[in-house]
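Have a look at the structure below before the remarks.
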Amino acid sequence: MAEIISMPQLSDTMKEGTVIKWNKKIGDKVSEGDILAEIETDKATQDFEIDVNGVLLFIGVKEGETTHVNDILAIIGHEGEDISHIISKYKKKEPENKKFELKENILEKDKRIFISPVAKKMAKKIGISINDIKGSGEHGRIIKRDIESYNKINLEKLEKKEEKTITPAHSSIRKKIAEHLTYSKFSAPHYYLFSEINVDNLIEFRKNLNNKLSLESKISFNDIIIKAVAQSLKKHPDINVSWSDEKVIMHPYIHIGVAVSIKDGLIVPVIKNADQKSLLQISKEIKDKAFRSKSKKIQPEEIENSTFTVSNLGMYGIESFTSIINTPNTSILSVGSIMTRPVIKNYKIEIGNVMKITLSCDHRIIDGAIGSEYIHSLRNFLEDPITLLF
């Protein structure tokens, strides 16, 4: 007996899914455990594994199309099985006035249009439909001046009309990002703390460290920043919190979300228990999760339960910026690029390297003094990074 395969709910917030790719075609045999399709949810693209055996008899959603959770996705049954009664049940009914509209269209086509040979030739040359033109000649005949008048009006409309670019519909991920950030921006009262850090020692520390590592194991500045952020949260647990209307939630763990740019927007894989991991472990995990995020292979549980987020645009040459808090986090660190410029050391002007950071805070729970103390600890770690190893 044929079995209907519905659009699965692959995450707790998923309401609809987009079929990115079908791995089977109609007529193919399928077995339990086969990856039937790749489905994009509001969080990531996941492999959809089936738990039935049979033949793929029907595909209800084409590649690139979106449908709601529990809508028909496919039908699997025995080879040659008649499933027409199932398909007809799920097909959309035609509107009541469909036949009437079709009849009207046929009548319209049967109407004879009177037009002069000159006007007909002119309309064809310009590329306009004579069906839309009302003739001013005898018995409603379309003549030359009607074509000229109609064309003039259309040209004037085109000049006033703004040029529009039609783009594909928003992806599930893009819609979820928009919804999430809009909620965060307007529910959490943001304020921002700006600071500039001398990173001369940080550059030297990374250079010495990487000289002892293989090419595949090289440590990035972002890896060190993540470690410093985690260690600073350990010293300031009042930053590692979430807000609820009833109470402040103090997290017993430090999970750092790392913003990663993907084709459809932004995704935030999470480095769990980052304070307990070495720089090498953090580096390896970030590389792996960033790669799988960009190829849409990251799993939902790998982008959940962060307690703090880091967004680094330094690699794009951005000097400084502010970020919207990734709720339910109550703060996010924005990291700018490293810049070489004159600095004052021991009352003397020297050439140094600096990096600007911005801490976005939720004022409902993190006051300015608390945020400032956190930045002070973070600055100490980054200006003397050897301390991260102890």
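Structure summary
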quantity: Scope segment 7-57; condition among the aliphatic types (A, V, I, L, M) and outside any strand (DSSP E or B); matching residues; calculated: Met7, Leu10, Met14, Ile26, Ala44, Ile50, Val52
quantity: Failed criterion for Leu193 (all others in (1) assigned to a helix (DSSP H, G or I); (2) surrounded by 14 or more Cβ atoms within 10 Å (Cβ to Cβ); (3) aliphatic (A, V, I, L, M) hold); calculated: (1)
quantity: Helices (runs of 4 or more DSSP H) completely within segment 61-134 that count 3 or more residues being of a type outside the set (Ser, Thr, Tyr) and either over 30 Å from Ser6 (Cβ atoms) or modelled with pLDDT under 80 (or both); calculated: 98-110, 117-126
quantity: Top-ranked residue of segment 40-59 - restricted to ones that are touching a residue at least 60 places away in the same chain (Cβ under 8 Å) and in contact with a helix residue (DSSP H, G or I) (Cβ under 7 Å, 6 or more places away or on another chain), ranked as nearest to Ile26 (Cα to Cα); calculated: Glu40
quantity: Cross-chain or 6+ apart pairs with Cβ under 9 Å, segment 204-228 first and under 17 Å from Ser337 (Cα atoms), then among the aromatic types (Phe, Trp, Tyr) and not in a loop (DSSP other than H, G, I, E, B); calculated: Arg206/Phe221; Ile224/Phe205; Ile224/Phe381; Ala228/Phe381
quantity: Flag if His363 is surrounded by fewer than 16 Cβ atoms within 10 Å (Cβ to Cβ), of a type outside the set (A, V, I, L, M, F, W, C) and closer than 26 Å to Asp200 by Cα; calculated: no
quantity: Scan of segment 281-296 for residues that are in contact with a strand residue (DSSP E or B) (Cβ under 7 Å, 6 or more places away or on another chain) and either assigned to a helix (DSSP H, G or I) or exposed (fewer than 15 other Cβ atoms within 10 Å of the Cβ) (or both), ordered by number; calculated: Ile282, Glu285, Ile286, Ala290, Ser293, Lys294
quantity: Given (1) under 23 Å from Tyr374 (Cβ atoms); (2) buried (at least 18 other Cβ atoms within 10 Å of the Cβ), number of the condition Val260 does not satisfy; calculated: (1)
quantity: Leading residue by the ranking (nearest to Ile325 (Cα to Cα)) among those in segment 261-276 that are outside any strand (DSSP E or B) and touching a Lys or Arg at 6+ places or on another chain (Cβ under 8 Å); calculated: Pro269
quantity: Residue that is nearest to Val118 (Cα to Cα) [pool: residues in segment 135-147 that are surrounded by fewer than 13 Cβ atoms within 10 Å (Cβ to Cβ) and at pLDDT 80 or above]; calculated: Arg145
quantity: Residue within segment 364-373 that is assigned to a strand (DSSP E or B) and under 28 Å from the mean Cα position of the chain (by Cα) present; calculated: no
quantity: Residue selected from segment 205-254 under the condition farther than 17 Å from Ser278 by Cα and among the hydrophobic types (A, V, I, L, M, F, W, C), by the criterion farthest from the chain's Cα centre (by Cα); calculated: Leu215
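The values are calculated or read from the model by the stated rules, or taken from the named source; none is laboratory data. Keep in mind that what you see is a predicted model, and the values were worked out from it rather than measured. We place every Cβ from the backbone using ideal geometry, glycine too, and count neighbours over all the protein chains shown.
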